[in-house]
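Structure, as structure tokens:
The values are calculated or read from the model by the stated rules, or taken from the named source; none is laboratory data. None of these values were measured; they are calculated from a predicted model. Here the Cβ positions follow ideal geometry from the backbone for every residue, glycine too, while neighbour counts run over all protein chains shown.
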Amino acid sequence: MEKQRENWGSRIGFVLAAAGSAVGLGNIWRFPYLTGENGGSAFILIYLVFVIFIGISVMIAEFSLGRNTGLAAVGAIKTYSDRWTFVGIMGVLSAFLIMGFYPVVGGWALAYIVESFTGLLTETPEAIEDTFVGFITGSFQPVIWMLVFLVLNIVIVAKGIKGGIEKAAKVLMPTLFILLIFIAIRSLTLEGAGAGIEFIFRPDFSEVTGATFLAALGQAFFSLSLGMGAMITYGSYLSKKETLAGNAVIVTALDVGVALLAGIAMFPALFAFGMEPAQGPGLVFVVIPIVFSQMGGIGVLFGIIFFIALAVAALTSSVSLMEVVVAYLIDQRGMLRKKAVYGTGIVMAIMGVLASLSMGVIGPMPVLQVGVFDLFDILSDKIFLGLGGMFIAIITGWVVNKETLRAELTNDGTIEFKLFEVWHFLIKWIIPPAVAIVAVVGIFDIEQTAVMILGLVVVGLLAVFSRKLN
Ligand code: PHE
């Protein structure tokens, strides 16, 4: 076990870094459009239930495993049991899958910083919509922006995640928060905003299906950065003095807060402009520019700040994804940081190019019937993260010694964790079957059956051959 591990600069540094990992495109880009596609408030309610009863507990578990072992995902799990190491490997694979499409959207955010001051925000709503579709289906531009985003990741992760990222997060996360509050107020006061408020606050369960539950669970894990070891890795840098459970609650609250705020910022405006809620992935890139375009000159300034903040939020998340892979290569494969980062970066660049082009020139794949972008997205979010979270719960509840966990969560008995028994019960008895049920129900309900089967086969192979991977 490594004893001299580098720690976060301060408590607030850790909270911001972990919240930085959690708060990202998942909250501002993904949450609103999933809500729009899944019928609004019923989806939000299910998502909140999953966050409270599953998400927080899994986050506490991940922090505990990371800090207890002082190792990143794979090494941490291996410390407890060779049999379960594949869960760490699954996490590394999830990081690759997510980093296969995340930088594409990160690149869109970067591009929109430039678009904001080159006239996008003076256009009509229709033109703003057309611009987005035209942009993402193009070949050259989105690929370049994706690569720029990826290079930023490479530079930050090559330096080690502390320093730079902690500083950037300290300034830009609060900026983003304030900006979202401002946009929400603006959006709520638009004429015709009422329908949007109803859409997100009045539950209508008539359209809820198994697929809705699976989408909500996937979103809960994705948004909280759970199920693939990012929080194990971050926890491994956490000092022995911190309260793990307390930090988990704070990070979750911030994450959910930003997601809800993003919803409140977007839906009233969307309805006020008479647009369809099921916009898909373009939602934030269309609605927000339209809101700003109606404000005149100052709107341009807000647009620029908003997309800078969005890009930084994306960056503080994507570096945590890349760090999972890099920490694995350093801790388990003995690679030097720089080499690990460059190698990882090249693979991610290739994946990103394919994902970006799948929005335009290369269409859906045969058999699987989805494009590369969607393939990475569905595999990670609907299969790997959920099952990963389930396995992490099983490892924590059934493999790790309960008293070790109690000591870890109470800092060797020096602080109280009153809900320890409740947490342990949830992790051991409730969360594994709950996730399994949602996964099974979802699989039978989802349209992309071929992708689901592919994902399950990969997980199965990993589980069976895991010993050979060690
Ligand atoms: N939570 C991040 C977001 O919402 C994405 C992420 C997922 C980051 C998993 C790390 C691990 O954008």
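For Ile165, state whether it is buried (at least 19 other Cβ atoms within 10 Å of the Cβ), part of a loop (DSSP other than H, G, I, E, B), modelled with pLDDT under 95 and within 16 Å of the ligand (Cβ to nearest atom). The answer is no for Ile165.
Note on segment 8-31: residues that are away from the ligand (no atom under 12 Å from the Cβ), in a helix (DSSP H, G or I) and of a type outside the set (Phe, Trp, Tyr) total 5. The selection criterion, being buried (at least 24 other Cβ atoms within 10 Å of the Cβ), part of a loop (DSSP other than H, G, I, E, B) and out of contact with any Ser or Thr (no Cβ under 8 Å at 6 or more places or on another chain), holds for Leu226. Residues of segment 216-239 that are more than 8 Å from the ligand (Cβ to nearest atom) and within 14 Å of Val435 (Cβ to Cβ): Ala216, Leu217, Gly218, Gln219, Ala220. Can Ala349 be described as within 16 Å of the ligand (Cβ to nearest atom) and either within 21 Å of Leu226 (Cα to Cα) or within 20 Å of the chain's Cα centre (by Cα) (or both)? Spelling it out, it is not the case that Ala349 is within 16 Å of the ligand (Cβ to nearest atom) and either within 21 Å of Leu226 (Cα to Cα) or within 20 Å of the chain's Cα centre (by Cα) (or both).
Quick check: anything in segment 431-440 over 30 Å from Val104 (Cβ atoms) and not in a helix (DSSP H, G or I)? No, the conditions are met nowhere in segment 431-440. Restricting Ala253, Ala259, Ala215, Ala265 to those that are surrounded by fewer than 22 Cβ atoms within 10 Å (Cβ to Cβ) and either part of a helix (DSSP H, G or I) or without any contact (Cβ under 8 Å) to a residue 60 or more places away in the chain (or both) reduces the list to Ala253. Summed over segment 331-345, the residues that are aliphatic (A, V, I, L, M) and touching a residue at least 60 places away in the same chain (Cβ under 8 Å) give a count of 1. Of the residues making up segment 60-72, not a single one is closer than 30 Å to Ile288 by Cα and buried (at least 24 other Cβ atoms within 10 Å of the Cβ). Residues that are farther than 15 Å from Trp29 by Cα, within 25 Å of the chain's Cα centre (by Cα) and either in contact (Cβ under 8 Å) with a residue 40 or more places away in the chain or surrounded by fewer than 19 Cβ atoms within 10 Å (Cβ to Cβ) (or both) within segment 121-139 comprise Val133, Thr137, listed in sequence order.
Among the residues of segment 76-91, the one identified as surrounded by fewer than 24 Cβ atoms within 10 Å (Cβ to Cβ) and closer than 26 Å to Val15 by Cβ is Thr79.
Taking the conditions exactly as written (in contact with a Ser or Thr (Cβ under 8 Å, 6 or more places away or on another chain) and either modelled with pLDDT under 95 or away from the ligand (no atom under 15 Å from the Cβ) (or both)), does Ala42 satisfy them or not? Taking the combined requirement at face value, the residue satisfies it. Does segment 308-315 include one or more residues that are away from the ligand (no atom under 16 Å from the Cβ) and either touching a residue at least 12 places away in the same chain (Cβ under 8 Å) or in contact with a helix residue (DSSP H, G or I) (Cβ under 8 Å, 6 or more places away or on another chain) (or both)? Within segment 308-315, one or more residues are away from the ligand (no atom under 16 Å from the Cβ) and either touching a residue at least 12 places away in the same chain (Cβ under 8 Å) or in contact with a helix residue (DSSP H, G or I) (Cβ under 8 Å, 6 or more places away or on another chain) (or both). Scan segment 278-337 for residues that are on the phi < 0 side of the Ramachandran plot and either assigned to a loop (DSSP other than H, G, I, E, B) or of a type in the set (D, E, K, R) (or both) and the total you get is 10. Number of residues in segment 341-392 that are among the polar types (S, T, N, Q) and farther than 22 Å from Leu34 by Cα: the value is 1. Taking segment 44-120 and the helices (runs of 4 or more DSSP H) fully enclosed by it, the elements with 2 or more residues that are free of Cβ contacts under 8 Å to residues at least 60 places away in the same chain and of a type outside the set (Phe, Trp, Tyr) are at 85-117.
Okay, residues lined up against (1) of a type in the set (Ser, Thr, Tyr); (2) over 17 Å from the mean Cα position of the chain (by Cα); (3) within 23 Å of Phe50 (Cβ to Cβ):
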| position | (1), (2), (3) |
| --- | --- |
| Phe205 | no, yes, yes |
| Ala216 | no, no, yes |
| Gln219 | no, no, yes |
| Thr243 | yes, yes, no |
| Ala248 | no, no, yes |
| Ala253 | no, no, yes |
| Val256 | no, no, yes |
| Ala265 | no, yes, yes |
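Just to be sure, is Leu179 in a helix (DSSP H, G or I), touching a helix residue (DSSP H, G or I) at 6+ places or on another chain (Cβ under 6 Å), away from the ligand (no atom under 16 Å from the Cβ) and over 30 Å from Ala272 (Cβ atoms)? Criteria not met by Leu179.
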